[in-house]
Amino acid sequence: MAEGGGSCEICNKPARQFCSSCRGVFYCSRECQKQDWKNHKGKCKPYVLLKHPVYGRHLVATRDIRAGEVLLKEAPLVVGPKQKSHPVCLGCHKRVDGTTFCPACHYPLCSSACHYSRFHKDECGVLAKASGKIKIDKFDSTAHPAYECITPLRCLLLRHTDPRKWQTLSDLQDNVENIKNNSEMEGVIQRNTVDFLKNFIEYEGAEGSEVFRVCGILLTNSFEVKHNGQRIRGVYPQAAMCAHDCRPNTKHHVDQDLYLTIRATVVIRKGASITTTYTNTLWNTLQRRKQLKLSKYFLCGCRRCSEPSELGTHLSTLMCSECSVGHVQSTAPLDSNAPWACLKCGHQVQARTVDWGDQMLYKELRGVEQSTVRPLEDFLRHYQKALHPGHRFFVEAKFALIKYYGNHPNYRYRDLSREQLEKKVEYSRELLGLADTIDPGLSLLRGTVLFELQAALVALSKMLLSNDIITKDGSQDYMTEAVRYLKEATEILKHEPEMENGGLDAKLKVLSEELEI
Ligand SMILES: C[S@@+](CC[C@H](N)C(=O)[O-])C[C@H]1O[C@@H](n2cnc3c(N)ncnc32)[C@H](O)[C@@H]1O
C-alpha cells in the first residue's frame, strides 16, 4: 500500500495520482492510468496481503470498503468430500443409494455418466489400482472411512495435472506440527489416508509426509461448501487468507458452479483486517474456542472472546444457583481452566463443571430441535433458572422457534395464536439485537431474522385489527415497521445462492399468500 507518492506504473516518472480503488499503484497522468487499466484491472483489489504477528498472513483493507462490496470471487483449487463423509457420488457429490458403481474403481456413483465427470476422472485411474475391491454397502448418514483419502488424493494429483495449482496449494499453511501434537487426529490421518493410500490403493505418487501436509492444508484452509445438496469442502486460496474473528466483517457464499464470493457486511475501514468466521457466530466462547483449537489449531483472543459477557450479549452467562439472581461468568475467558463466579454473591463454579453442563445441554437441544414447537418451548421454560435469557442455548431454541412459527406446515400463520405471534415478534427482536452485536450489517443472520420479524409483524397486526384490538392507525404502525424490515431483509438476502434466480421472489410470493396480503 503506497502512500504519499511513488513512480508511475507506465513511465516511471515521480507520480502522486493513485488508483482510487486499490490505492496501490501511482500514475503521473490520467493518460498513463488509462493506458494501464487493461493490465491493472485484474490486480486491482481493495486489500493487500500482510503478515500479522498473531494471525500470520491476512488481508488488510487498502481503502474504506462499503458494506455490500464484493471483495473477491474465486474458483476453488480443489473440492471434494469432507474428512468425515457419508457416501457421495465422486462425480457430482450428490447422495448415492448403492444402485450404481463406477465400473473402474467401484466407488458408488449417482449415475453412470458421473464416471466421466471432471472431478472423478483423474482419481479413478489411481483408485482402480487398489489391491482389494472397495466395498461400500451402507448408504445412510454414517461417515465412511473410504472417503477420507479422496480430497487429499485430488490435491496430490494436481502435481502432475496442474503444477501451478499445486504450487498455490503448497504455499498454504499446513499446521502439521500441531496435528502431530494431537495424537487422535494424527492417528486418524495416518490410518485412513496415509496407510489407506499406500497399502490399499497402492498409490506410489507421494511420501507419507507429503500426504500428511496435504491433509493439514485441507484441515487448515478448507471452506465448507454445499454442492448438489451435500456439504463438501473446497480450498479457495485467496479467501483462505482472511483471518478469523468471532465478530466478522464479511460473509461468503458459494454458487452452484462452486465459485466463492466474499462480500463486506459492514464498512471496513482502511487498514483494518478483513475477517471471516471459521466457526459459528451463534456459539458461545467456550464452544467457539474449543472448536477453533481442534480444527484450526489456535486459541482465539478477539474482543468478543475476551469479554466475560461476550459484548453484553450474555451468550455464555449462567444464572447463579446460590443467590438465583446473579450472573455467573468466567473470571478469565481466555483461560479455559479459570473458575466461573457469580457477579452478585461471588459463588464459584469450576470450569470443568461449566464445560460438562454445556455438553449436556448441547446434546439435549440437538434432540429437541428435531421435534417441533412444544419441546423447544419446554426447553426454554425448564432452564430459565439456570441460563441467562441471552444464553447461547436459549438463542438457538428461539431461532428454531421463529423459523417454525409461520413456516412449518403445522404452524402456518393462520393457525398461530396471538400469544405465539407475539412470541415470534419478541424472539425475533431479541435475535435482531444479538445479530447487531455479533454479526452486524448485511449478515445472513440479520437478513434471516429481519425477514421473520417483518412477517410476524404483518400477521400480528392483521390479527389484532380483525379482532378490534388495534385501530387502522395502530395497524399502520406495524405495517410501516414491517415494510422497513422487509426492504432491508431483501437487500441482504438477494445475494444468497438459494435466493438468486427467482428464489427470493418465490419466497415472497409464498409469504404474501400465507399472510393473504
Ligand atoms: C486459513 S489459515 C489463514 C491464513 C494463514 N494466516 C496463513 O498465513 O496462511 C488459518 C490459520 O491462520 C491463523 N489464524 C487465522 N485467524 C487467526 C486469529 N484470529 N488468531 C490466531 N490465529 C489465526 C491460524 O494459524 C489458523 O490455523
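What follows draws every value from the coordinates through simple rules; no lab data is involved. Fair warning: this is a prediction, and the values are worked out from it, not measured in the lab. Heads up, the Cβs are rebuilt from the backbone with ideal geometry, glycines too, and the neighbour counts pull from every protein chain shown.
Averaging 1/r across all pairs of distinct Cα atoms in region 351-515 and inverting the result yields a Kirkwood radius of 17.0 Å. Cα gyration tensor of region 255-413, axes a ≥ b ≥ c as square roots of the eigenvalues: rounded (a/c below 1.5), prolate (a/b > b/c) or oblate? It is oblate, given that a/c is not under 1.5 and a/b is not larger than b/c. For the chain, adding -39500 (n - 2.57) for each run of n ≥ 4 DSSP H residues and dividing by the number of residues yields -12500 deg cm²/dmol at 222 nm.
Residues Cys89, Cys32 in ascending order of nearby Cβ atoms (within 10 Å, fewest first): Cys32, Cys89. Rg of the Cα atoms in region 1-44, relative to 2.2 N^0.38 Å, amounts to 0.98.
Of the residues Cys105, Cys11, the one with the fewest other Cβ atoms within 10 Å heads the list, and the complete ranking is Cys11, Cys105. Under a model in which nothing but the beta-carbon of Lys, Arg (+1) and Asp, Glu (-1) is charged, region 351-515 shows a dipole of about 300 debye around its Cα centre.
Relative to the Cα centre, the charge distribution of region 1-44, modelled as +1 at Lys and Arg Cβ and -1 at Asp and Glu Cβ, gives a dipole magnitude of about 120 debye. Applying 1/(1 + (r/R0)^6) with r as the Cβ-Cβ distance of Lys34 and Thr480 and R0 = 60 angstrom yields a FRET efficiency of 0.80. Going from the fewest other Cβ atoms within 10 Å to the most, the residues Trp340, Trp356 appear in the order Trp356, Trp340. Label sites at Lys41 and Val510, each approximated as a point 7 angstrom past Cα along Cα to Cβ, lie 4.0 nm apart. Binning all Cα-Cα separations of region 421-483 at 5 Å, short to long from zero, yields these whole-percent fractions: 4, 20, 25, 22, 14, 8, 6, 1. The Rg/Rh ratio for region 129-287, using Cα coordinates for both the radius of gyration and the Kirkwood hydrodynamic radius, is 1.00. The distance from the alpha carbon centre of region 89-109 to that of region 207-286 is 28 Å, rounded to a whole number. A quarter of the convex hull surface defined by the alpha-carbon atoms of the chain gives 29.8 nm² as the mean projection. With 32 Å as the limit on Cα-Cα distance, the pairs of Lys135/Lys180; Lys290/Lys403; Lys270/Lys296; Lys34/Lys494 that go past it are Lys34/Lys494.
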